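Since the structure comes first, as structure tokens, the remarks are kept for the end.
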Amino acid sequence: MKEFRQGLRGTLGPLLPPAPGRSDRFDSMKLFDVGGLVRAAVQDLCSEHLVPQTALDQYWPWARVRAEQEEQRLFDLMRRLTPQDYRRARFLLGRHAAGPVRELSRQWDRLWMRFDFFESVADWPWCQVDGWWYPCPICRWPMRAVRSGALFDVRCEAHAPRGVHYRYRLGKGSGPGELTGTGKAAVPVTPLPASSDHLAVSRPVWRYGTLPVLLELHLHDKLAGLPFVDVEMWPGEQRPDEYDLHITVTVPGRRTRHWRVDAKAWESVVALGKALHDRPGLRRGLTIVLPDHQDSERHFLGDQVAHRGVKVTTVSRLVECVKTACGALR
Ligand SMILES: [Zn+2]
């Protein structure tokens, strides 16, 4: 299965049954683009040959189908871990999502062999400039490099709204060129060689595993140490993905307040709303937390999930709410 999955990233020829003397256009066809997304041409292929149009309508867009499958695969794997390993894996997804393989295997330690979500940065041309790649200073995942005239724009797709963007100027010799910060969070980062011994979690795992964990760690840091506030990270042991953070505020003489929080870092709040609308097992009373830059979209998502008894807010708004509840804002 692993070989088959890897084979899907190349041309289809080697995966097809041998047909001597006949080669058709499927042989040289690639299913995925360099970003790991299903190519638009595959839709044409399906509509012409393989899949009835109704199925296409139902499952379009393809990127979301694949993303949801990968997200599910990640959760299935996480669910089988012991509670201790589960918490460790969540932390590692946030803090060690990319880097030199030697460093990653040391950090992931006994969980390393159980996670086959890592891919070689050498296979991702979209993040390479002159054979180098730059980790985002917030998520450590490779930043995207796009040529812009004689220069390159280098930015983290998730954290550019927070000011993680740079400009890259080609170097004179064989070493890396010059990277200049152009955003307020663009601290200096060290270039790493785009070689096969540098790995990063796959894009869906970064999007649905790493990014929410970073939001949760950020929330935890903001709330830790407040009076009367208790924050439990990744507490669910029966159903680990039900909620990620349990915040309790116990002020003497007042009713105890709870927030059961699930952080979400989807690029598209519309797609997230569609996915959550029908998702079974969504807990009543859950609070979904979005990154601050999606503040203007929180009402839209709130309307989508209100009938499930679920609320939507952002990191900063939740921090403010908790501070008010515990009296830290007065
Ligand atoms: Zn980032």
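Just so it is clear, none of the values below were taken in a lab; they were calculated from the coordinates. Quantities reported herein were computed from a predicted structural model and do not represent experimental measurements. Using ideal geometry, Cβ is built from the backbone for each residue, glycine included, and neighbour counts are taken over all protein chains shown.
Quick notes on this one:
- Taken over the Cα atoms of the range 190-330, the convex hull encloses 160 Å³ per residue.
- Computed about the Cα centre, the dipole magnitude for the chain is approximately 840 debye when only Lys and Arg (+1) and Asp and Glu (-1) carry charge, each at its Cβ.
- The value for the range 97-201 of Rg(Cα) / (2.2 N^0.38 Å) is 1.08.
- Approximate spin-label separation Arg257-Ser28, in nm, with each point projected 7 Å along Cα-to-Cβ: 6.4 nm
- Efficiency of FRET from Cβ geometry, Leu16 and Ala185, R₀ 35 Å, rounded to 0.05: 0.15
- Taking each DSSP H run with n ≥ 4 as -39500 (n - 2.57) and averaging over every residue of the chain yields -9000 deg cm²/dmol at 222 nm.
- Rg ratio for the chain: its Cα radius of gyration over 2.2 N^0.38 Å, N being its residue count, equals 1.11.
- Between Lys274 and Asp85, the simple spin-label model (points 7 angstrom out along Cα→Cβ) gives 3.5 nm.
- Principal axes of the range 119-264: Cα extent on each, largest first, Å: 68, 32, 21
- Candidates Leu12, Leu276, Leu77, ranked by Gaussian network fluctuation over the chain, Cα under 10 Å, top entry: Leu12
- Estimated from the Cβ-Cβ distance and a Förster radius of 25 angstrom, the FRET efficiency linking Leu329 and Arg308 is about 0.25.
- Counting Lys and Arg as +1 and Asp and Glu as -1 over every other residue whose Cβ lies under 12 Å from the Cβ of Leu179, the net charge comes to 0.
- Considering only Gly209, Gly175, Gly273, the Gaussian network model of the chain with Cα springs below 10 Å gives its largest mean-square fluctuation to Gly175.
- When only Cα pairs below 8 angstrom with a gap of at least 6 residues are kept, the range 97-201 shows a relative contact order of 35 percent.
- Long-range HN-HN contacts of His165 with modeled amide H, under 5 Å: Thr182, Gly183, Ala185, Ala186
- Checked against a 30 Å cut-off, the cross-linked pairs Lys222/Lys311; Lys184/Lys323; Lys184/Lys222; Lys184/Lys274 give Cα-Cα distances beyond that limit for Lys184/Lys274.
- Amide H contacts of Glu157 (H built 1.01 Å from N, under 5 Å, at least 5 apart or other chain): Arg144
- A cut-off under 9 angstrom between Cβ atoms defines the neighbours of Ala325, and their net charge, with Lys, Arg +1 and Asp, Glu -1, is +3.
- Between Leu15, Leu192, Leu290, the Gaussian network model of the chain with springs among Cα atoms under 10 angstrom shows the greatest mean-square fluctuation at Leu15.
- The label point for Ala150 and the one for Phe300, both projected 7 Å from the Cα toward the Cβ, are 4.0 nm apart.
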